[in-house]
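Read the structure below first, then the notes.
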Amino acid sequence: MPTISVTELVTAFKEIVESTLPPVCVEAEISNCKRSAAGHVYLTLKDENSEIGAVIWRSTAERLKFRPKDGLQVLATGSLQVYVARGTCQFIITKLQPQGVGELELALRQLKEKLELEGLFAPERKRSLPRFPRRIALVTSPTSAAVKDMIQVMTRRWPSVNLIIVPVPVQGDQAAPRIAAGLRAAAKIPDVDVIITGRGGGSLEDLWPFNEEGVARAIAASPIPVVSAVGHEIDVSIADLVADRRALTPSEAGELVVPSADEFRQDLRNTASRIYRVLTGRVERLRLTLQAIESRSIFQRPTTLIDERRQRCDDLGASAERAMRLKVERLNQQLATTAAALDALSPIKVLARGYSLTTKADGILIRSVADVAEGTELETRLPDGMVRSEVIAVATSEP
């Protein structure tokens, strides 16, 4: 038997496998799916009895509309390839299709789930549109029927509207990044109050640029409110869900963004009419109130009020005079009572009952024989006068 190296053995294996088995389409379930830093996707294709390693190179993976994940049933088109360095065989996938649902439909579902978890569809982040926008940017194809409809509707409703068209393709592989760039550019235009992006109806493939993640994130990041008008009423794109306002059609977008001049004028007339009625009613109520005031007797006979005030002053004067007289009488009674009490306690009254009051010449009251000596001059007060005397002798009473 010939002796060969491992490399020769694996190389022969590689030649037989890769030349014998043509490209095939394999029905399998994905497991152990992971993406490398270089962008390649490594996974395992398996059924109930067997499994084989597979790889999707980055150039192919970037063209996929959906994200491969574990448990997904797919149809994988490709061929076997032997990795000589390890002597392993793996399936190189050149095309991958989900089973049971279309590729675009699956990609749409996956992106919806991802963005919804991030809160990009949340109602609370939606901004209201200005009632009277000064300038509106249209991010769409400048030659499409949709932009013509929007321009016609907006200029008819509000002739003075200022429109700026940011031209972008709305179909094809390069449409999504161009639309995202157009949204960012529109947000930088001075005085732009609202941005409208969209296109007319079409198939899911035609509308797909508005289902790309890049467009959705550009709408979410816009500092200016964005209105999405993609397709017809039955078409709901990712852009519709992320935008601040969704229009069912491009024509409806024009109606949402600008007011109707005719309706606005009618509103002004109605408001003016209501104001007139309110003011007229108020003036009439004030007139009736003034009329009622004028009919009062005080305005018919103004001297009556003066006479009443004079009478009131006289009454008050009389009341004050009576009060003062009573007050004086009470004070006189109190004074007489006090004088009588003081008179009863007066020393003069005491002297009248047979008593006298003796003092020295200097006014010091004599209370005891000890207060005088022989030769002391005394003054004795009697009820009807005073007697001056001199002490010739002092004698004490016996105990």
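The values are calculated or read from the model by the stated rules, or taken from the named source; none is laboratory data. All of these numbers come straight from a predicted model, not from anything done at the bench. A quick note on method: Cβ atoms are made from the backbone with ideal geometry, for glycine too, and the neighbour counts reach across all protein chains shown. We work out accessible area using only protein heavy atoms, side chains counted, and drop any ligands, DNA or RNA first. Shrake-Rupley method; radii C 1.70, N 1.55, O 1.52, S 1.80 Å.
Exactly one of these conditions fails for V328: (1) more than 30 Å from V387 (Cα to Cα); (2) open to solvent by 90 Å² or more (accessible area, probe 1.4 Å); (3) modelled with pLDDT of 80 or more. Give me its number.
All conditions are met except number (2).
Can you report the number of residues in the range 14-31 which are among the charged types (D, E, K, R), over 13 Å from A54 (Cβ atoms) and open to solvent by less than 100 Å² (accessible area, probe 1.4 Å)?
The qualifying residues number 2.
Go through the range 186-240 and report how many residues are of a type outside the set (D, E, K, R), assigned to a loop (DSSP other than H, G, I, E, B) and closer than 20 Å to K114 by Cα. Working first, answer last.
To start, the set of residues in the range 186-240 that are of a type outside the set (D, E, K, R) comprises 186-187, 189-190, 192, 194-198, 200-204, 207-211, 214-216, 218-232, 234, 236-239.
Restricting the remaining residues to those that are assigned to a loop (DSSP other than H, G, I, E, B) gives 189-190, 192, 200-203, 222-225, 231-232, 234, 236-237.
Going one step further and asking which of them are closer than 20 Å to K114 by Cα, we end up with 222, 236-237.
Adding up the residues that qualify gives 3.
(1) of a type outside the set (D, E); (2) part of a helix (DSSP H, G or I); (3) on the phi > 0 side of the Ramachandran plot: which one isn't true of G172, the others all being true?
Result: G172 fails condition (2) only.
Across the range 144-197, what is the number of residues that are under 36 Å from the mean Cα position of the chain (by Cα), under 14 Å from P209 (Cβ atoms) and polar (S, T, N, Q)?
So the answer is 1.
What are the residues in the range 370-390 that are in a loop (DSSP other than H, G, I, E, B) and without any contact (Cβ under 8 Å) to a residue 24 or more places away in the chain, if any? Give the steps one after another, and end with the answer.
Restricting attention to the range 370-390, the residues satisfying the condition of being in a loop (DSSP other than H, G, I, E, B) are 372-376, 383-384.
Correct list: V372, A373, E374, G375, T376, D384.
If I go through the range 241-291 residue by residue, how many of them are closer than 30 Å to L108 by Cα and either out of contact with any strand residue (DSSP E or B) (no Cβ under 9 Å at 6 or more places or on another chain) or in a helix (DSSP H, G or I) (or both)?
Initially, the range 241-291 is screened for residues closer than 30 Å to L108 by Cα, giving 241-257.
Going one step further and asking which of them are either out of contact with any strand residue (DSSP E or B) (no Cβ under 9 Å at 6 or more places or on another chain) or in a helix (DSSP H, G or I) (or both), we end up with 241-242, 250-257.
Going through the range 241-291 one residue at a time, the tally reaches 10.
Given the conditions (1) open to solvent by 80 Å² or more (accessible area, probe 1.4 Å); (2) β-branched (V, I, T); (3) under 22 Å from N211 (Cβ atoms), which single one is not true for V41?
(1)
What pairs come up if the first residue lies in the range 346-364 and is within 12 Å of M386 (Cβ to Cβ) and modelled with pLDDT of 65 or more, the second is among the hydrophobic types (A, V, I, L, M, F, W, C) and assigned to a loop (DSSP other than H, G, I, E, B), and their beta carbons are under 8 Å apart, counting only those six or more places apart or on different chains?
Between residues of the range 346-364 that are within 12 Å of M386 (Cβ to Cβ) and modelled with pLDDT of 65 or more and residues that are among the hydrophobic types (A, V, I, L, M, F, W, C) and assigned to a loop (DSSP other than H, G, I, E, B), the close pairs are T358/I366; T359/I366.
Hey, which of the strands (runs of 3 or more DSSP E) in the range 1-105, taking only ones fully inside, have at least 2 residues that are out of contact with any helix residue (DSSP H, G or I) (no Cβ under 7 Å at 6 or more places or on another chain) and farther than 30 Å from E205 by Cα?
Working: elements: 24-35, 41-46, 51-56, 73-83, 88-98.
The qualifying strands (runs of 3 or more DSSP E) are 51-56, 88-98.
Hey, can you tell me all the residues within the range 112-145 that are part of a helix (DSSP H, G or I) and open to solvent by 20 Å² or more (accessible area, probe 1.4 Å)? Spell out how you get there, then give the answer.
If we filter the range 112-145 for residues that are part of a helix (DSSP H, G or I), which is where we start, we get 112-117, 123-125, 145.
Residues satisfying the conditions are K112, E113, K114, E116, L117, P123, E124, R125, A145.
Considering only the range 69-86, state which residues are closer than 27 Å to P209 by Cα and open to solvent by 20 Å² or more (accessible area, probe 1.4 Å). Please lay out each step first, then the result.
As a first pass, look at the range 69-86 and keep what is closer than 27 Å to P209 by Cα: 69-70, 72-77.
Hits for the range 69-86 are K69, D70, L72, Q73, L75, T77.
How many residues does the range 305-325 contain that are of a type in the set (A, V, I, L, M) and open to solvent by 100 Å² or more (accessible area, probe 1.4 Å)? Even if it seems obvious, please write down each step before you answer.
From the range 305-325, those of a type in the set (A, V, I, L, M) are 305-306, 316, 318, 320, 323-324; that's our starting set.
If we keep only those that are open to solvent by 100 Å² or more (accessible area, probe 1.4 Å) as well, we get 324.
Adding up the residues that qualify gives 1.
Would you mind stating whether D262 is surrounded by 10 or more Cβ atoms within 10 Å (Cβ to Cβ), farther than 19 Å from A145 by Cα and either over 30 Å from the mean Cα position of the chain (by Cα) or in contact (Cβ under 8 Å) with a residue 60 or more places away in the chain (or both)?
On the way: surrounded by 10 or more Cβ atoms within 10 Å (Cβ to Cβ): yes; farther than 19 Å from A145 by Cα: yes; either over 30 Å from the mean Cα position of the chain (by Cα) or in contact (Cβ under 8 Å) with a residue 60 or more places away in the chain (or both): yes.
In short, yes.
Using the structure shown, decide if K34 is touching a residue at least 24 places away in the same chain (Cβ under 8 Å), of a type in the set (D, E, K, R) and either open to solvent by 50 Å² or more (accessible area, probe 1.4 Å) or out of contact with any Cys (no Cβ under 6 Å at 6 or more places or on another chain) (or both).
Details: touching a residue at least 24 places away in the same chain (Cβ under 8 Å): no; of a type in the set (D, E, K, R): yes; either open to solvent by 50 Å² or more (accessible area, probe 1.4 Å) or out of contact with any Cys (no Cβ under 6 Å at 6 or more places or on another chain) (or both): yes.
No: the conditions fail for K34.
Yes or no, residue by residue, for (1) closer than 19 Å to G231 by Cα; (2) without any contact (Cβ under 8 Å) to a residue 12 or more places away in the chain; (3) surrounded by fewer than 23 Cβ atoms within 10 Å (Cβ to Cβ):
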residue	(1), (2), (3)
V147	yes, no, no
I151	yes, no, yes
W158	no, no, yes
V161	no, no, yes
P169	yes, no, yes
K188	no, yes, yes
V192	no, no, yes
I196	yes, no, no
R199	yes, no, no
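Please verify whether the range 138-145 includes one or more residues that are at pLDDT 90 or above and of a type in the set (A, V, I, L, M). Quick ask: steps written out before the conclusion?
Kept after step one, since they are at pLDDT 90 or above, are these residues of the range 138-145: 138-143.
So of that shortlist, the ones also of a type in the set (A, V, I, L, M) come out as 138-139.
Yes, that holds for at least one residue.
Taking into account only those residues within the range 160-176 that are in contact with a Phe, Trp or Tyr (Cβ under 9 Å, 6 or more places away or on another chain) and of a type in the set (A, V, I, L, M), which is nearest to S203 (Cα to Cα)?
V170
Let me confirm something: among L183, L163, which residue is in a strand (DSSP E or B) and closer than 20 Å to R245 by Cα?
On the way: L183 fails: in a strand (DSSP E or B).
Selected residue: L163, the only one of L183, L163 that is in a strand (DSSP E or B) and closer than 20 Å to R245 by Cα.
Kindly provide the set of residues from the range 221-239 that are of a type outside the set (G, A, S), within 23 Å of the chain's Cα centre (by Cα) and open to solvent by 10 Å² or more (accessible area, probe 1.4 Å), ordered by number.
If the condition is that a residue be of a type outside the set (G, A, S), within 23 Å of the chain's Cα centre (by Cα) and open to solvent by 10 Å² or more (accessible area, probe 1.4 Å), then P223, I224, P225 are the ones that fit.
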